[in-house]
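Just so it is clear, none of the values below were taken in a lab; they were calculated from the coordinates. Here the structure is a predicted model, which means the values were calculated and not measured. Every residue, glycine among them, receives a Cβ derived from its backbone with ideal geometry; neighbour counts consider all protein chains shown.
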Amino acid sequence: MRPITLIQFLIEERRAGHINAELSLLIEVVARACKRIAVAVNKGALGGVLGNAGTDNVQGEAQKKLDVISNEILLEANAWGGHLAACASEEMEDPQPIPDMYPKGHHLLLFDPLDGSSNIDVNVSVGTIFSVLRCPDEVAEPKAEHFLQPGTTQLAAGYVVYGPSTVLVLTFGHGSHEFTLDREVGSFVLSRRDIRIPEQTAEFAINMSNQRHWQAPMQRYIGELLAGKDGPRGKDFNMRWVASMVADVHRIMTRGGVFYYPLDAKILAKGGAGKLRLMYEANPMAFIVEQAGGAASTGRERIMALQPTALHQRVPVFLGSKQEVELATHYHREADGAQ
Ligand code: P6P
């Protein structure tokens, strides 16, 4: 059977009334930009793109050269297309308006251009995460507050993992679907339609080095997983931690599992609310995971129901196989005395 390319899939989605022409164009442009990012990432040491850029991003984190390159690729690709009103990125303090010489569209694009970039220099998978919102009508120059929409209003969300193969996972709210890059042709080809995450799992992902900082419900929950078949869960669990959210989430989208980045005493001591960013990490990943039958919470409430208060705000992230996420969330809500 002839492979279904991303372009054909987008046409199908338009015919089904799931997306409009402008959103279809936007996704094509983002996918094309991610192919260019893949080329830059795959050059590695030969491309002079490894190492630090010598600058810090808005989060105060040292930027990798590829962080800056990836951000520029996404901004440049989306400037002239006519489908965007503005972009927002992990790498930029404020939203980036579309230059006046280009036509504006009705969408807002948010992205982490290269998530997990600390892994680049050690040749471990990294990725791009993006989220698409509708620009409020009559807003000619979108400001940060126009991006502050709950995750449930997302029109699209996706990630691209730059690993042994380059894989795009995408949702418009009608299932989550996987496309693998055919490098010889240069097209993303549908490799899995309507992904389903198993409700149960025996694999968890968390940075165990933070264990002493966790709140009591997390200590209890992870303690039960570590106790294995001798403990209350009655089965052994395996652990993975790539320290690249896109790679960890893609494993969950492929074989199930759960990913946790909980609130902890270290984060609270700095006045923080979490490690991962709501608008361009947690919300898009939550949309993709929920559309595959998984769950995504902060440990206390559904991520996609949160009303954002700041463009770069951070939240705790519990996501993946539904039954595990619900149990971990239950432990936290029970400890809080919530109903
Ligand atoms: P830690 C990468 O910096 C990132 O934002 C996510 O991709 C990843 O899951 C997490 O942080 C890793 O955090 O504390 O283990 O380095």
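Before moving on, here are some points about what is shown:
- Across the stretch 6-194, C-alpha contacts under 8 Å between residues 6 or more apart give a mean separation that, scaled by the residue count, equals a relative contact order of 15 percent.
- Built amide H within the under 5 Å cut-off of Ser187, gap 5+: Asp182
- For the stretch 50-88, GluC sites (Glu not before Pro) meeting the loop criterion (DSSP other than H, G, I, E, B) and having at most 16 other Cβ atoms within 10 Å: Glu61.
- Packing here is the average count of other Cβ atoms within 10 Å per residue, and on that basis the peptides 194-206, 46-58, 272-284, highest first, run 272-284, 194-206, 46-58.
- Ala156 long-range amide H proximity, modeled H, under 5 Å: Val132
- Label-point separation, Thr254 to Arg300 (7 Å along Cα→Cβ), nm: 3.5
- The modelled label-to-label distance between Asp56 and Gln8, using points 7 Å beyond Cα along the C-beta direction, is 5.0 nm.
- The 3J(HN,Hα) values that the Karplus relation (6.51, -1.76, 1.60; θ = phi - 60°) gives for the stretch 126-143 are, in residue order, 10, x, 10, 10, 9, 9, 10, 10, 8, 6, x, 4, 6, 9, 7, 10, x, 10 Hz. Gly and Pro appear as x.
- Computed from backbone phi with θ = phi - 60° and the Karplus coefficients 6.51, -1.76 and 1.60, the 3J(HN,Hα) list for the stretch 12-26 is 4, 5, 5, 5, 7, x, 7, 9, 9, 4, 5, 5, 4, 4, 4 Hz; x is used for glycine and proline.
- Alpha carbon convex hull of the stretch 6-194, projected area averaged over orientations, nm²: 11.0
- Globularity index of the stretch 153-297, i.e. its alpha-carbon radius of gyration over 2.2 N^0.38 Å: 1.14
- C-alpha center-to-center spacing [the stretch 1-36, the stretch 232-249] in angstrom: 32
- Unit Cα scatterers, Debye sum, the chain: log10 I(q)/I(0) for q = 0.08, 0.12, 0.14 Å⁻¹: -0.36, -0.83, -1.14
- Sequentially through the stretch 75-80, phi angles give Karplus couplings (6.51, -1.76, 1.60; θ = phi - 60°) of 5, 5, 5, 9, 5, 9 Hz, Gly and Pro residues having no value and appearing as x.
- Extension gain (nm, one decimal) between Gln219 and Arg192, 0.36 nm per residue minus Cα-Cα: 6.1 nm
- C-alpha center-to-center spacing [the stretch 70-123, the stretch 250-299] in angstrom: 22
- Between Asp121 and Asp182, the distance separating the two model label sites (each 7 Å from Cα on the Cα→Cβ line) works out to 3.9 nm.
- Added length on full extension, which subtracts the Cα-Cα distance from 0.36 nm per residue, Gln200 to Asn20: 61.2 nm
- Fluctuation leader among Asp115, Asp230, Asp182 - the chain, Gaussian network, Cα springs under 10 angstrom: Asp230
- Pairwise FRET efficiency - Ala144 versus Arg212, Cβ, R0 = 30 Å, nearest 0.05: 0.25
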